[in-house]
Amino acid sequence: MKTLGKVLVGLLVVVAVVLVGGWLALRRPAIPYEALEARYATPASQYLTLKDGVRVHYRDQGKRDGPVLVMVHGFSANLETWEPWVKRLGDRYRIISLDLPGHGLTRAPEGYRLKRTGFVDIVDETVTRLGVEKFVLIGNSMGGGVTWNYALAHPGKLEGAVLVNAAGWIEPREDGDGGPFIFKVLRNPVGRAIVKDLDVSAMTRAGLRDAFAPTPDMADDAMVARYVEMARAPGHKDIILGLMSGYDPRDAATKEKLSKITAPTLVLHGTDDRLIPVSAAGRFGDAIPGATVIVYDKVGHVPMEQIADRSAADLDHWLRTKVWPTFDAKASPE
């Protein structure tokens, strides 16, 4: 028995060494912002340092004197996700997109921690510093949550709100699934600690393919590399992991809360969204007075990328009929 015990202990030691060795082999260092900017910034990239030390990366594109659209990306994404709409709508609208702290090329001070109103405050200070007084705010996924929260916090500034596969409701998924594997890992504190400095390329690829279902191949190698490398910016993972651990149920959407939104609201959602069930669209539509809801069949989590032509045309039509009815209809997309 003693011999068997020694053998088992020896095997456990070997397994532990292999696991630790594998974990160390998969660890990846941070990528300096300068290197990321050289790789991913474009001639349209601009930077603005806010009062809390956050250096926001943003793009201010399109028709300079046109009606203003401000676009906010989702969790672990970046402003690049809006470029398909910028290309299709930029000749009619001024379009401002930005990277939130912990995402893209936006830098945050060391040890930066988001307040409960953090992203709403970032958006508000950015547009204020850019001299924008009235605008339509558009958000995808987590950015959709920022959008409806902004609509509640600053109703006088919004001419409209657009929720694209927006986050906010606490509800079980209809299929009983917990969503992509990467999100299951990040919800667990042990999982967050383990993956913090690891190469998560495989999990990122799987998560993006889920987001683009039922057209997963749209998440190509270049997109995966961009997501993975931007996540390795100094401090980004601390902020992103903090978002997963610091959620307060009091921040969830409720019908009573959303009934106070006064801005015209458009809700867009794909039937095949594996991250946020399509039932959320109906709940937003039911809760927000006068909301317009458009559901896309066989589309996933990012319709602005998956069906850019159709979704941009729907947005343009809604803007011209519900927000700016005197806008020149001759300039609408085909």
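Of all residue pairs spaced 6 or more apart or on separate chains, those with beta-carbon atoms under 6 Å, a first member in segment 287-305 that is crowded, with 24+ Cβ neighbours inside 10 Å and a second member that is acidic (Asp, Glu) are 300/272; 300/273; 301/273. Check segment 245-262 and report whether any residue there is modelled with pLDDT under 95 and touching a Ser or Thr at 6+ places or on another chain (Cβ under 7 Å). No: zero hits. Entry remark, segment 76-114: residues being without any contact (Cβ under 8 Å) to a residue 40 or more places away in the chain and under 17 Å from residue 229 (Cβ atoms) number 1 in total. Of all residue pairs spaced 6 or more apart or on separate chains, those with beta-carbon atoms under 8 Å, a first member in segment 212-223 that is exposed (fewer than 15 other Cβ atoms within 10 Å of the Cβ) and a second member that is outside any helix (DSSP H, G or I) and charged (D, E, K, R) are 214/272; 214/298. The C-beta contact set for segment 262-286 (first residue free of Cβ contacts under 8 Å to residues at least 24 places away in the same chain and in the same structural domain as residue 69 (by TED's automatic domain parsing), second residue part of a loop (DSSP other than H, G, I, E, B) and among the hydroxyl-bearing types (Ser, Thr, Tyr), distance under 8 angstrom, 6+ apart or interchain) comprises 278/271. Taking residue 115 as the residue in question, decide whether it is assigned to a loop (DSSP other than H, G, I, E, B) and either assigned by TED's automatic domain parsing to the domain that holds residue 41 or at pLDDT 95 or above (or both). Yes: the conditions hold for residue 115. When segment 113-129 is filtered for residues that are of a type outside the set (Asp, Glu) and buried (at least 17 other Cβ atoms within 10 Å of the Cβ), the ones remaining, listed by number, are 114, 118, 119, 120, 122, 123, 126, 127. If you go through segment 101-139 and pick out every residue that is among the aliphatic types (A, V, I, L, M), farther than 29 Å from residue 323 by Cβ and touching a strand residue (DSSP E or B) at 6+ places or on another chain (Cβ under 6 Å), you end up with 1.
Residue pairs whose Cβ atoms lie under 6 Å apart, separated by 6 or more positions or on different chains, with the first residue in segment 226-248 and at positive phi and the second at pLDDT 90 or above and surrounded by 19 or more Cβ atoms within 10 Å (Cβ to Cβ), are 235/108.
The values are calculated or read from the model by the stated rules, or taken from the named source; none is laboratory data. Computed from a predicted structure; not experimentally measured. Cβ: placed from backbone, ideal geometry, glycine included. Neighbour counts: every protein chain shown.
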